[in-house]
Every structure is written in structure tokens, then in C-alpha cells.
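For reference, the structure discussed in these notes is given below.
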């Protein structure tokens, strides 16, 4: 089993205490005192331009991204690059629907009623070959698309146009990716690429939500769970993955409103228990406005799982809704120690007080909540209220590829809109490791590395040099930073932004 240190994390430092109070105030050995650096950070907040603040946050060490959907985490232009590169995708060719000819309006590989989803639906060669000849004529191989078609395909798998939001994301964006989502070669390459991108931002742990079944090999053939896990273990052990210093674990996710969701939960937990080196927890996701996914539906099965398996790690999407409901308290009843999103917790006074200074964490996703319209005005997000009332929180990227965003965007929104103090900023990374579903040894190694990097970062900035030092930071932002954060200057400097 690869340990955290084998992925490049540091050794030899003392991990901070687990209490929420001390998470807000600890410091790395040899670093500037928290109070001393807090004064410098206040100067930077007051005097820095938005670009300089972004560079500061980009360079600042971060810890874990523990609410991250694997298939939603890949940048759209990188999907296209790997899908059209046979040297990286196992020698595959993918085909996408670029038009709807007369007579093919209702002909589609999936039973959908709206033609909207048909445009840019992508198939592997095996599935493409099964189509009727009339329908095949509406498809092109991805590498045969012209520039306009390529830009349209890339746009189709991210939210970048006016009016795109929750329905576009849930109903259409995922469906267009189709066979790309099950290609283990494509997804593994993109995962390593994401590890490299996250490492550059100072992230050292990624907890990826996906399923253990449904993977396909380079010929489009179904893989057994054992073969798929072996593939992932081998790919993550390669030198380019290890060089990132990022530890990756998987969290099995159940679609909460699926007809067989209860059976899925049992099957996923059995697989997690048998493969704990790779799989670390169980999650439930899916639109909460679909009433088939209410938490109480799962009480019996989760009680059964907790009776059967030791050390069950449960994180559940809950409270991702505008209206008040009981989903968070009922998810805690299921055994969840982490709540994904938790937006409407602020409307549930009793549960909110229960979670103060507790062992329960809220996985905050600021960009996601904005783009999907759950918090249309980011200034009104409840996150700072939770944090400042003593509820452990961490920032996460959720479906960063579909938002065209990164982890620094999350930190920038938090710091800029909510005037976070230095203590509050660094507590977010510490909380992400304290509540990660990893072993004690892995947590210790990752925490030691985080504190060591944090000490080096604070030691590198002074009142006299901070502006010059930040000018040398090669920070990156993408479409969200350009469109919503006013960071177009940074976006234009990106060498691989030509496909936006």
C-alpha cells in the first residue's frame, strides 16, 4: 500500500492537535508567528491588487480537495486533448454528434426526449460502430472536427454560456461526455494531469468520487472491478504520478435517487471494505429536489452496513438546496461525519448548533453553488457564518472541469468576499486533513508536509518584499476566473488557453 510519504509528502514535523480551536491558531516550527504573519497578511489584503491577492493564494500551501467528482473534475480542453491523442488514451478513437439530420431527430444512443443532449454526445469506436448507418452520418471523430466544432464541443461540457445552470449541468453536460466517462485510459491520464495541476496550487491530497464498476478498456470492453482497481493502482504508482507529491484515494458514490440505490450502497461498501488501500469512504450524491433520494430511505441499509463493517467512513451530499429541509440531520443519522455542500443548514438552527465544535465537517463548494444557482449571490453564502460559529469547514472544487475553475478560485472567492483572517485561511487546509478518510499514518505525513510548506511560505514573505515576491508567482486561472472574478489578465497568460 502506498503511504502518503511515498507520494512526496514531508516527514519529521509534529502534527497539530485535532481540536477545531487549535486548528485556527497553530503554526509550523520555524515559521513567522501567526500573529506576526497575520499583520503582514492584513497589509496584503489592504494593498494588493486582485491579481496579486490571487498570486498570494495560488502560492499559499493548501491541503486536501475532499469533495471532488472524478468525471466532473477534468478541464474540457484537456478531455479533448487526451481523447484525440492515441498515445495517451490507449489507442482509441472517439466520435461525437455534430449535427441532427432529418429523420434522425429521435435516434440516439440514449433514451432522451430532448435533442439538446444529442449534440456533442461522444461515443467510443465500439458503440459508434453499433449505430444505424443513417445515424452514424451525424457523427465525426473528435480529431476530425474543425476549429468551430472543436470550440463548440469544448463549450458543451462546461458551464460557460449565459443561461446555463443547474438543468444544463445535471441533465445534459454529463450525458454528452458519455463513453469518455467510462474510459479508464482517458480518465486515468486526466487524473494524473489533475494531480500535476493540483500540486502546482499546493494541494497534496485528492479524494475522488466515482464508482468501482463500469470502467471500460481501450477496446470498449467492460472491465471487472478487480482489473479496474489494478489498473488504477499501477497508473498511480508511475513516476509522473508519484512526482506530483499528491496522494489520491477513491470514495464510492451512490446515485441517491436510483431505483437500486440501496443495493448499490451495500455493494459499494463491500468493495470498499475489501480494498481499503484504494477506497476509503461511501457517499451519496444527486439532485436533492428529486424526492426519491431522501435520506430516511437509506436508514435501514446504513444501519446494516454499520453493524457489518468496522471504521465506516460516510460523507453525504446534503443541504444542497435553497429551501429548508431535514436532509442534513437525517444524513447525520445515517452516520455521515461529513456533509457535502450544507447550504441550507443555516435554516436549521438545531442542527447548526449541534455541528458547532464537533467532529462533523461541511465540504464547502463556493463556485459550484454559484454556477448552479443555489447561492446566486456569493456574498450571501453561509460558509463564513458556519466557520465563525465553530463548524469545521474546508474548501473544495466539486466539478472543477465543468466550472472551468481551480482550487485557488475557491480561496479567492472566500478571502475576497468574506475578509478571511490568516488564521481562518489556514484552518481550511488543516480541517481538510483532519477530516480526510485516510489512515493515521497518512494523515500525520500529510499534515507534517502541510505545516512544513506553510512555514516556508510564511518565511518567504516580508513587509518589504511581498509585492516583488508575488510578482514572480506563475499563477493560473481559467474561464471562471476570467468571467466571474475579473482575472482576465491571468487567463490571457495561460499558454494552453487557446481552446477556450
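So for the stretch 139-152 (the condition being within 20 Å of the chain's Cα centre (by Cα) and on the phi < 0 side of the Ramachandran plot), does at least one residue qualify? No; the residues of the stretch 139-152 include none that is within 20 Å of the chain's Cα centre (by Cα) and on the phi < 0 side of the Ramachandran plot. Could you list all residues from the stretch 48-86 that are free of Cβ contacts under 8 Å to residues at least 60 places away in the same chain and closer than 27 Å to residue 427 by Cα? Selection gives 49 alone.
Just one residue in the set 232, 174, 153, 215 is crowded, with 18+ Cβ neighbours inside 10 Å, assigned by TED's automatic domain parsing to the domain that holds residue 97 and touching a residue at least 24 places away in the same chain (Cβ under 8 Å); that residue is 153. Just one of the numbered conditions (1) in contact (Cβ under 8 Å) with a residue 60 or more places away in the chain; (2) within 16 Å of residue 75 (Cα to Cα) is not true of residue 196: (1). Residue 169 meets the conditions (1) touching a strand residue (DSSP E or B) at 6+ places or on another chain (Cβ under 8 Å); (2) under 30 Å from residue 60 (Cβ atoms); (3) not assigned by TED's automatic domain parsing to the domain that holds residue 227 in every case but one. The failed one is (1).
Being under 30 Å from residue 77 (Cα atoms), buried (at least 24 other Cβ atoms within 10 Å of the Cβ) and in the same structural domain as residue 68 (by TED's automatic domain parsing) is true for just one of 427, 405. Which residue is that? Of the residues listed, the single one that is under 30 Å from residue 77 (Cα atoms), buried (at least 24 other Cβ atoms within 10 Å of the Cβ) and in the same structural domain as residue 68 (by TED's automatic domain parsing) is 405.
The values are calculated or read from the model by the stated rules, or taken from the named source; none is laboratory data. This structure is a prediction, so every number in the text was calculated from the model and none was measured. Note that we place each Cβ from the backbone using ideal geometry, even for glycine, and neighbour counts take in every protein chain shown.
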